[in-house]
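The values are calculated or read from the model by the stated rules, or taken from the named source; none is laboratory data. These figures come from a predicted structure and were not determined experimentally. With ideal geometry, Cβ positions are generated from the backbone for all residues, glycine too; neighbour counts draw on all protein chains shown. Calculation scope for accessible area: heavy atoms of the full protein, side chains included, ligands and nucleic acids excluded. Shrake-Rupley method; radii C 1.70, N 1.55, O 1.52, S 1.80 Å.
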Amino acid sequence: MDESSPFGRALLVTGPETLLAERAVGRFVRRATDERPDAAVVRVAAGELDAGSLAEAAGGSLFASSTVLSIGDLGDLAADLADQLAALAGDPGPDLALVVAHPGGNKGRGVVDRLRKVRVEVQDFASIKPWELPQFVTREARELDGRTDLAGANALVDAVGTDTRALAAAVRQLLDDAPDRTITEATVRRYFGGRAEVTSFAVADDVLGGRLDGALGKLRWALSTGVAPVLITSALSSNLRSLGRYLDARDARLRDGELARVVGVPPWKLKDLSRLSRDWKPQAVAQAIQLVALADAQVKGAASDPGFALEQAVLTVIGCRGRDRR
């Protein structure tokens, strides 16, 4: 068997970083179809399979002697299909290229372990940590024959947030619009000024900073431009939890890099958290997190007006700032 060929082999793609996992699946499928353009490509969710349909999907067709089979959401595979899938992955045969994706977590862990035991190739994509996002931006730019410096990468994360899909799309857009295919801090600020800066994280930044007029104005603008209410509560919760972890860890005499890892933020965010910590007590952060959790339930259906629920959350969370709850 040609060791470089995807045919006659199986690939297991695991991990919760879905953008990178999907890219790995896509690369495998493209390699197979580049090698055999007439191969049948079958994409199916694991939860839709039974014994017969799995055998049929892997077995080719009257019109194609080779098959590229991509199975997603492995955690939903029926338990009684684990043996069949493991046998298929262990010996795909020369005319099958098999790729299976599992999003991580405990659901379906048993079948993942079975696949590992038959020595399938494994590519794992763990979640990208917040402090790793500037490096992710830099790699994305390089992959697209562009470049960025650290200041530009940090500015893009600050403007867009932590969602890797949004960051990847922003990198592509900025490089396409830049004559020299270079992303700088000035480029980011110019492109996103007045638009993407009004994101869920920009609202959260104003809330934690106590800037009521700015928070309400950005909230209303964000909602009017289609930002989902749940993204606002998610950003508030994320920022509050980061602040809470910083308050717990700041006296541990850690270096900035170590402290950033403990808190779960990029090192450049530590300065912002240090500034915020002057006006927030740990007990106030804990109460604010509870208020945001209530707002999150409201925007998910417990309240008839998500916008009003979010405005109330902004007011009450800002009201926690500067108070000692002991």
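For the stretch 292-308, residues that are in contact (Cβ under 8 Å) with a residue 24 or more places away in the chain and more than 25 Å from the chain's Cα centre (by Cα) total 1.
The listed residues are Arg30, Arg114, Arg119, and the only one of them that is in a helix (DSSP H, G or I), closer than 21 Å to Phe7 by Cβ and open to solvent by 50 Å² or more (accessible area, probe 1.4 Å) turns out to be Arg30.
Number of residues in the stretch 182-217 that are of a type in the set (Lys, Arg) and at pLDDT 85 or above: the value is 1. Applying a threshold of 7 Å to beta carbon distances and a minimum spacing of six or more residues, or different chains, the list of pairs starting in the stretch 221-242 at a residue that is within 18 Å of Asp158 (Cβ to Cβ) and assigned to a helix (DSSP H, G or I) and ending at one that is of a type in the set (Ser, Thr, Tyr) and at pLDDT below 85 reads Ala222/Thr199; Ala222/Ser200; Leu231/Ser200; Ile232/Ser200; Ser234/Ser200; Ala235/Ser200. Within the stretch 1-31, being among the polar types (S, T, N, Q) and either over 24 Å from Gly104 (Cα atoms) or at pLDDT below 95 (or both) holds for Ser4, Ser5, Thr18.
The residues on offer are Ala24, Ala57, and the sole one that is in a helix (DSSP H, G or I), without any contact (Cβ under 8 Å) to a residue 24 or more places away in the chain, open to solvent by less than 20 Å² (accessible area, probe 1.4 Å) and closer than 16 Å to Leu98 by Cβ is Ala57. Here the condition is being out of contact with any Pro (no Cβ under 9 Å at 6 or more places or on another chain), of a type outside the set (Ser, Thr, Tyr) and either on the phi > 0 side of the Ramachandran plot or open to solvent by less than 20 Å² (accessible area, probe 1.4 Å) (or both); of Arg190, Arg147, Arg181, Arg142, it holds for Arg181 alone. Checking the stated criteria, Leu74 turns out to be touching a residue at least 12 places away in the same chain (Cβ under 8 Å) and open to solvent by less than 20 Å² (accessible area, probe 1.4 Å). When you scan the stretch 260-269, do you find a residue that is among the basic types (Lys, Arg), open to solvent by less than 60 Å² (accessible area, probe 1.4 Å) and modelled with pLDDT under 85, even just one? For the stretch 260-269, residues among the basic types (Lys, Arg), open to solvent by less than 60 Å² (accessible area, probe 1.4 Å) and modelled with pLDDT under 85: present. A single member of Gly108, Gly161 is touching a His at 6+ places or on another chain (Cβ under 7 Å) and modelled with pLDDT under 95, and it is Gly108.
Comparison of Ala40, Ala51, Ala45, Ala86 shows that the only residue that is touching a Leu at 6+ places or on another chain (Cβ under 7 Å), among the small types (Gly, Ala, Ser) and open to solvent by less than 40 Å² (accessible area, probe 1.4 Å) is Ala86.
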